[in-house]
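The values are calculated or read from the model by the stated rules, or taken from the named source; none is laboratory data. In this text the structure is predicted, and so the values were computed from the model without any measurement. Cβ sites come from the backbone with ideal geometry, for glycine too, and all protein chains shown count toward neighbours. Areas reflect the complete protein model, heavy atoms only, side chains present, ligands, DNA and RNA absent. Shrake-Rupley method; radii C 1.70, N 1.55, O 1.52, S 1.80 Å.
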Amino acid sequence: MDPVLRAAAEAARGFMPPGEGLALHDAALAVPEGGSPMLEIGSYCGKSAVYLGAAARKRGTVLFALDHHRGSEENQPGWEWHEPDLVDPEVGRIDTLPRFRRTVHDAGLEDVVVALVGDSPTVGSRWRIPLSLLFIDGGHGAEPAHRDYELWTPWVEPGGLLAIHDVFPDPADGGRPPYEIYCRALESGRFADVSATGSLRVLRRTA
Ligand code: SAH
Ligand code: MG
């Protein structure tokens, strides 16, 4: 990975350990040159978008970075992953969009990373564009995770990649829904394993 972009990704706030981010970047380099766009669900402050955006630039495509920027359940006050300085005091709600925008600007990726600000099912139910790569890292509860799987994975083109974050086979390590949708993908017969790095799983659409 380009060392400047790698440093920008590592400096960005968020929830993507460096080894997993690098694995995501490297996996994304396998998409066809000049091919379909990539899309991530769950951008937060833009950390994974820098890893994926760097790969999108190298492959001559773009990354759609989808997030309502109001935080997941686990980012809300009183939950484990709440960061109080990300609350917009006038609105009284989390707003990660300014921080996301700054991350993408500072990384020099504004021409490659396109923010889609909205609720995943609202966008997903109207989506019509095949994807060379889909990265699922949005809401980690059972309902949002399964809904993201159902709405978005049909848009992964044949030969395209599906990446899922926070996959924990052992419940002691974390919540189950990302693991459940990973299993669903394998059991569907449409996806096969490509790689596993920490809690990141990368699959390829085979059918
Ligand atoms: N990929 C990020 C971390 C994502 S955290 C990183 O590298 O740091 C999960 C994100 O999913 C949050 O920013 C939250 O706002 C978003 N999210 C949760 N549910 C969503 C939904 N229904 N629609 C859009 N975004 C959602
Ligand atoms: Mg994650």
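Extension gain, Glu180 to Ala207: 0.36 nm times the residue separation minus the Cα-Cα distance gives 7.7 nm.
For the peptides 112-121, 136-145, the ranking by mean Cβ contacts within 10 Å, running from highest to lowest, is 136-145, 112-121. Once both labels are positioned 7 Å from their Cα atoms along Cα-to-Cβ, the gap between Val194 and Glu90 label points is 4.2 nm. Extension gain for Arg13 to Asp106 (0.36 nm times residue separation, less C-alpha to C-alpha distance): 32.2 nm.
Summary value for the chain: 20 percent relative contact order, contacts being C-alpha pairs under 8 angstrom separated by 6+ residues.
Keeping all protein chains in place, calculate the accessible area per residue for the chain (probe 1.4 angstrom), answer in Å².
45
Phi-derived couplings, Karplus 6.51 cos²θ - 1.76 cosθ + 1.60 at θ = phi - 60°, listed residue by residue for the stretch 143-153: 5, x, 5, 5, 5, 4, 4, 5, 6, 9, 5 Hz, with x used for Gly and Pro. One Cα centroid belongs to the stretch 37-107, the other to the stretch 174-207; the line between them spans 23 Å.
The longest stretch of the chain left intact once loop-based GluC sites (Glu not before Pro) with at most 15 other Cβ atoms within 10 Å are removed from consideration, loops following DSSP, is 111-207. Surface composition of the chain: carbon and sulfur atoms hold 54% of the protein heavy-atom accessible area at a 1.4 Å probe. Among 102-108, 161-167, the peptide with the highest mean count of other Cβ atoms within 10 Å heads the list, and the full ranking is 161-167, 102-108. Near the amide H of Ala163, within less than 5 Å, lie the amide hydrogens of Leu134, Phe135, Ile136, Leu203, all on another chain or at least 5 residues away, with H placed in the peptide plane. Other residues with beta-carbon under 13 Å from the beta-carbon of Tyr44 carry, at +1 per Lys or Arg and -1 per Asp or Glu, a net charge of -1.
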